[in-house]
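Derivation of every value follows stated rules applied to the coordinates shown; laboratory data play no part. As the structure is a computational prediction, the values presented were derived from the model and not from experiment. All Cβ positions, glycine included, derive from the backbone under ideal geometry; neighbour counts span all protein chains shown.
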Amino acid sequence: MISIAVHGGAGTILRSKMTEEKEVQYKTALEVSLKAGYKILTEGGTSLDAVTAAVTELENCPLFNAGKGSVFTYNGEHEMDASIMRGDNLAAGAITAVKNIKNPVVAARAIMEKSEHVLLSGAGAEEFARLHQLAFENDAYFFDQFRYDQWQLAKKEGVVQLDHSDDKKFGTVGAVAIDKYNNLSAATSTGGMTNKRFNRIGDSPIIGAGTYANNNTCAISCTGHGEFFIRAVVAYDISCLMEYGGLSLQEACRKVVNDKLVKFGGEGGLVAIDSKGNICMPFNSEGMYRGSYSEQSGLFTAIYGD
């Protein structure tokens with residue numbers, strides 16, 4: 001059964017700040033992403049192509065903290081991270097602390113397919129992207145007034161912030177999918193934290209923490225407070241609970257997101273899909289921009305828990 005699920009960030013997304021117009025914009029963007037991925041699946045394409053296309057659409061949308069909508073660092077720059085993984089052979093690629101690459105998820109995939117490495121960073125990763133003729137954009141392309149204002153406020157207050165200034169939103173984007181060949185794939189992309197310093201890296205480019213895919217179990221893409229997701233090895237932990245503990249996808253997700261993470265203060269959520277095409281989109285925060293598209297349940301998007 002072909003299926004795809006995407007997220008555009010979890011966190012304390014305040015209803016009081018959510019206008020009807022803004023809600024429509026977010027849901028429309030999620031739909032565009034889902035349709036791009038699902039079209040590939042219906043035409044017999046791979047789950048890898050589907051998650052790449054879905055995340056690329058979200059990276060190109062300034063509403064989300066990835067690609068074009070990435071937040072500003074302490075130095076007024078954009079440092080982006082992304083990763084991708086395929087479940088059939090556990091191949092993976094990731095990129096971290098890169099600047100000016102238009103679609104970091106495409107760069108992560110290039111690392112997976114065209115190098116013997118998994119994770120490349122900074123200037124070296126950018127050099128690799130240029131060697132493989134990937135698209136770059138100038139700083140103006142990544143500038144967003146809303147993000148700039150967030151950064152100025154964060155600098156003034158001397159804090160590092162989780163994407164939004166007054167509502168704690170983690171704007172990471174991601175996708176998981178299963179294709180007609182029963183292969184699973186996952187991809188994640190982010191701009192990190194507003195006003196971040198010292199080349200801080202979160203969970204998004206770390207295989208097993210923010211992204212994981214294994215045909216025997218599931219595909220996972222996370223969004224949340226990265227330091228906690230790294231310490232909890234969230235994505236791999238869910239797979240392990242299924243593989244070694246015999247838990248279902250729903251049971252494993254609930255145990256990790258609503259129990260393990262909550263106990264030591266980790267806020268966020270994830271999208272997950274198992275080898276049977278079942279989808280789970282848990283979060284322990286007030287909301288998560290999310291959606292799914294499958295043969296069985298059709299197209300679905302949501303922001304809050306109800």
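Side notes on the structure shown:
- Result for the chain in a Gaussian network model with C-alpha springs under 10 Å: among Ala187, Ala107, Ala135, the largest mean-square fluctuation is at Ala135.
- Spin-label model distance (nm) - Asn75 vs Glu127, 7 Å beyond Cα toward Cβ: 1.7
- Distance-filtered residues of segment 271-301 - backbone nitrogen under 19 Å, label point 7 angstrom along Glu227 Cα→Cβ: 285
- Take every pair of alpha-carbon atoms less than 8 Å apart whose residues are at least six positions apart; their mean separation over the length of the chain yields a relative contact order of 25 percent.
- Put simply, the convex hull of the Cα atoms in segment 203-269 casts, on average, a shadow of 3.7 nm².
- In this simple spin-label model, placing a label point 7 Å from the Cα along the Cα-to-Cβ direction at both Tyr181 and Phe198 gives a separation of 4.3 nm.
- Electrostatic bookkeeping for Tyr74 treats Lys and Arg as +1 and Asp and Glu as -1; over the other residues with beta carbon under 9 Å from its beta carbon, the sum is +2.
- Near-label residues of segment 257-285 by backbone N, under 13 Å of a point 7 Å along Cα→Cβ of Met18: 285
- 222 nm mean residue ellipticity, helices alone, for the chain (DSSP H n ≥ 4; -39,500 (n - 2.57); rounded to 500): -9500 deg cm²/dmol
- Loop-located trypsin sites (Lys or Arg not before Pro) across segment 188-247 with a Cβ neighbour count of 12 or fewer within 10 Å are Arg197, with loop assigned by DSSP.
- Per-q log10 I(q)/I(0), segment 152-269, q = 0.09, 0.14, 0.15, 0.21 Å⁻¹ (Debye; single scatterer per alpha-carbon; no solvent): -0.26, -0.59, -0.67, -1.13
- Estimated FRET transfer efficiency when R0 is 35 angstrom, pair Ser297-Ala140 (beta carbons, to 0.05): 0.30
- Karplus-derived HN-Hα couplings along segment 229-235 (A = 6.51, B = -1.76, C = 1.60, θ = phi - 60°), whole Hz, x at Gly and Pro: 5, 5, 5, 8, 6, 4, 4
- In this structure the amide hydrogen of Leu119, modeled in the peptide plane, comes within under 5 Å of the amide hydrogens of Ala94, none closer than 5 places in sequence on its chain.
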